[in-house]
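The values are calculated or read from the model by the stated rules, or taken from the named source; none is laboratory data. On a predicted model such as this, the values are computed, not experimentally measured, just so you know. Positions of Cβ are backbone-derived with ideal geometry, glycine not excepted, and every protein chain shown enters the neighbour counts. The area values use the complete protein model at the heavy-atom level, side chains included, leaving out ligands, DNA and RNA. Shrake-Rupley method; radii C 1.70, N 1.55, O 1.52, S 1.80 Å.
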Amino acid sequence: MAGSSLAHFLRRYSPPTTPHPPHIHIFERNGVVGGRMGTVTISNHTFEAGASILHPKNYHAVNFTKLLNLKIKQPSSSDESDSFGIWDGEQFVFKTLSVDSKVPFVQKIVSFANSVYIFMRYGWSLLKMQSFVDSAVGRFLKYYESLERRPVFDSVDEMLKWAGLYNLTTRSLREEVGDVGLTRLLTQELVTVITRINYGQSIDISGLAGAVSLAGSGGGLWAVEGGNWQMAAGLINRSDVALHLHEEIESISYLGGYYELNSTKGNSYTCEVTAVATPLDELNLRFSPPILIPERKLQHTHATFVRGVLNPVYFGLDDVSKIPDLVGTIEDPDLPFTSISILKRHGEKDISYKIFSRKPMADSLLDDIFSVRRETIRIDWGAYPHYTAPEVFAPFILDGQHLYYVNAFENAASTMETSAVAAENIARLIVSRFFGSESLCSSNLKSFSFDGEELHVDL
């Protein structure tokens, strides 16, 4: 999303008076674009394997989807009545009600009953949690203000401080929700389950990442029909770029006035501007002169897809129908998975599941959890940074010249939308620094500005 969004905004923001439009190259080490937006196919059914959900106020993603004529996939009424349980390794400490009925009226009654049931368990703290999330989302919406009101940011710190989000990166989510007044029960159960599912980490992650994680559990969530990766593919197709698949850049050298990029195919390219739009943390990419960025670890999430049926005995139950559709877990190092969710029911005893875990799921463990296992697919994602407050950010400009790093923003929060927001700022930063600050006053730049509220109404 970072690279494709950057190409899109660079093409749109480049001054129309330039004699020769910029020639943009995109290098992709894999055979398909999309990065951490990927899909998996199980028995001819396609499911999201990586970045899966979008928030209704992810206005760049909304705009891309409309621009590319992609179809939005929203939760069905049956999804709203899916059952949910919290597993502590020995028992379900909390389970919502479930009923085997396809009648919409019955599903709505069950959904309402579960809302009451959840409120009875967690009380008014739920409203405090929602207020905390709404406050963070409201501040994030500043990034969609018109270009005349929104400056170009040289650093992540500056970008966060302008929106009033920086302080959330200096403290942990545990500290933030404690100050808000969330109860210990809500924090240890629901908040913990959500952060484990969305970021694979505990509530000791930074407050901003935690708020983004909690926002990803709300209503109105959506995805792109057929796979979110199509946003990246569509933006690249529209941006008039030279796409180099199966070609990884091994080294970037600044030779005074231009950069030389050397690839795994033995090719060399010269570019006046270079942008890194992928996390540098696990890449063997050499820079000359060397660059200096804060050390950062990636949180690996192991996504395991199984077509089969869960073993109720593993969960201390006598029938598989009593296992919730979504099983979340509390923070316990002895628990082997963070969540198990149903993707599709093919039959009564034939179901596709997605499992998230911090470590690979061994066959012997899967054989304990499942009574039947027809198909298994494993993916190891270097999914997002391992968040630790206070966060320290890499620079947007890596060398003081024209070497840029889009993914520096990921230490604030890592989502499809935050990648697009960072890329849009980097595009403006490149245009202002390379073509001159007066380029940002061009009619071309203004004509492509948009207002977040306007997009929200359209959605």
Reciprocal mean inverse distance between Cα atoms of segment 348-389 - Kirkwood radius, Å: 12.7
Label points 7 Å out from Cα along the Cβ direction at LEU141 and ASP204: separation in nm? 3.5
Can you tell me the accessible area per residue over segment 83-138, all protein chains present, probe 1.4 angstrom, in square angstrom? 61
State log₁₀ I(q)/I(0) for segment 179-221 at q = 0.14, 0.21, 0.22, 0.23 Å⁻¹ as given by the Debye formula over alpha-carbon point scatterers of equal weight, solvent excluded. -0.28, -0.64, -0.70, -0.76
Ranked highest first by the average count of other Cβ atoms within 10 Å around their residues, in what order do 26-35, 278-287 fall? 26-35, 278-287
Kirkwood-based Rg/Rh on the Cα set of the chain evaluates to 0.98
With a 1.4 Å probe and all protein chains in place, put TRP124, TRP222 in order of accessible area, largest first. TRP124, TRP222
For segment 52-60, what does the Karplus curve 6.51 cos²θ - 1.76 cosθ + 1.60, with θ = phi - 60°, yield as ³J(HN,Hα) per residue in whole Hz, taken in order and with x for Gly and Pro? 10, 10, 10, 8, x, 9, 7, 5, 5
Could you please state how large a percent of the accessible area of the chain is carbon and sulfur, counting protein chains only and using a 1.4 Å probe? 51
Can you tell me the length gained on complete extension of the stretch LYS322 to LYS71, counting 0.36 nm per residue apart and subtracting the Cα distance? 86.9 nm
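Taking the Cα centre of segment 361-402 as origin and charging only Cβ (+1 Lys, Arg; -1 Asp, Glu), how large is the dipole, in debye to the nearest 20?
Roughly 120 debye for segment 361-402.
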For peptides 301-311, 335-345, sequence by mean Cβ density within 10 Å, most packed first: 301-311, 335-345
Net charge of Cβ neighbours under 12 Å - reference GLY347; Lys, Arg +1; Asp, Glu -1: +3
If the chain between ILE379 and ASN44 were fully extended at 0.36 nm per residue, the gain over the current Cα-Cα distance would be 118.8 nm
Starting at the first residue of segment 312-318, write each ³J(HN,Hα) from the Karplus equation 6.51 cos²θ - 1.76 cosθ + 1.60 with θ = phi - 60°, in whole Hz, x for Gly and Pro. x, 4, 4, 9, x, 10, 9
For segment 175-330, what is the Kirkwood hydrodynamic radius in Å, using each pair of distinct C-alpha atoms? 20.7
Looking at the calculated P(r) for segment 357-413, what percent of the C-alpha pair distances fall above 18 Å? 58
Under 12 Å, Cβ to Cβ, from ASN411 - net charge with Lys/Arg +1 and Asp/Glu -1: -3
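Report the net charge of residues surrounding MET1, where surrounding means a beta-carbon distance below 15 angstrom and charges are Lys +1, Arg +1, Asp -1, Glu -1.
On the way: positive: ARG36, ARG238; negative: GLU28, GLU48, GLU410, GLU417, GLU424.
Overall, the nearby charge balance is -3.
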Please enumerate, by chain and number, the lysines with C-alpha under 24 Å from the C-alpha of LYS322, excluding those fewer than 8 residues away in the same chain. LYS95, LYS102, LYS108, LYS344, LYS349, LYS354
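Using a ≥ b ≥ c from the Cα gyration tensor of segment 137-252 (square roots of the eigenvalues), is it rounded, prolate or oblate, where a/c under 1.5 gives rounded and otherwise the larger of a/b and b/c decides, a/b for prolate?
Cα axes put segment 137-252 in the prolate bin.
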Radius ratio Rg over Rh of segment 39-164, counting only Cα atoms, Kirkwood formula for Rh: 1.05
Please name which of PHE47, LEU165, ILE203 has its Cα lying farthest along the dipole of the chain towards the positive end, using unit charges on Cβ (Lys, Arg +1; Asp, Glu -1) and the Cα centre as origin. PHE47
Taking a spot 7 Å from the Cα of VAL32 along the direction of its beta carbon, which residues of segment 215-229 have an amide N less than 20 Å from it? 223-229
For segment 13-59, state the average projected area of the convex hull of the C-alpha atoms over all orientations, rounded to one decimal in nm². 6.1
List the lysines whose alpha-carbon lies under 21 Å from that of LYS128, not counting same-chain residues fewer than 8 positions away? LYS57
Taking the convex hull of the Cα atoms, report for segment 112-164 its projected area averaged over all directions, in nm². 5.2
Per residue, how much accessible area does segment 277-433 have with a 1.4 Å probe, in Å²? 41
Estimated inter-spin distance, ARG286 and ASN167, nm [label 7 Å along Cα→Cβ]: 4.7
With 0.36 nm assigned to each residue of separation and the Cα-Cα distance removed, ARG184 to GLU260 gains 21.9 nm
Computed over the chain: longest principal axis from alpha-carbon atoms vs helix 2-13 long axis, angle to nearest 10 degrees, is 40
For segment 29-42, in residue order, the Karplus 3J(HN,Hα) values (coefficients 6.51, -1.76, 1.60; θ = phi - 60°; whole Hz; Gly and Pro = x) are 6, 8, x, 9, 8, x, x, 7, 9, x, 10, 9, 10, 10
Give the relative contact order (percent, whole number) for the chain; include only Cα pairs under 8 Å separated by 6+ residues. 27
May I ask you to list the GluC sites (Glu not before Pro) in segment 343-408 that are in a DSSP loop and have at most 10 other Cβ atoms within 10 Å of their Cβ? GLU348
Any idea what % of Cα-Cα pairs in segment 20-92 are farther than 14 Å? 80
Hey, can you find the accessible area per residue of segment 140-229 for me, probe 1.4 Å, expressed in square angstrom? 35
How do the peptides 4-10, 176-182 rank, highest first, by the average count of neighbouring beta carbon atoms within 10 Å per residue? 4-10, 176-182
Please report, for the Cα atoms of segment 242-335, the Rg to one decimal and the Dmax as a whole number; what are they, in angstrom? 23.4, 71
Shape call for segment 383-430, from the Cα gyration tensor axes a ≥ b ≥ c (a/c under 1.5 means rounded, otherwise prolate when a/b beats b/c, else oblate), comes out oblate
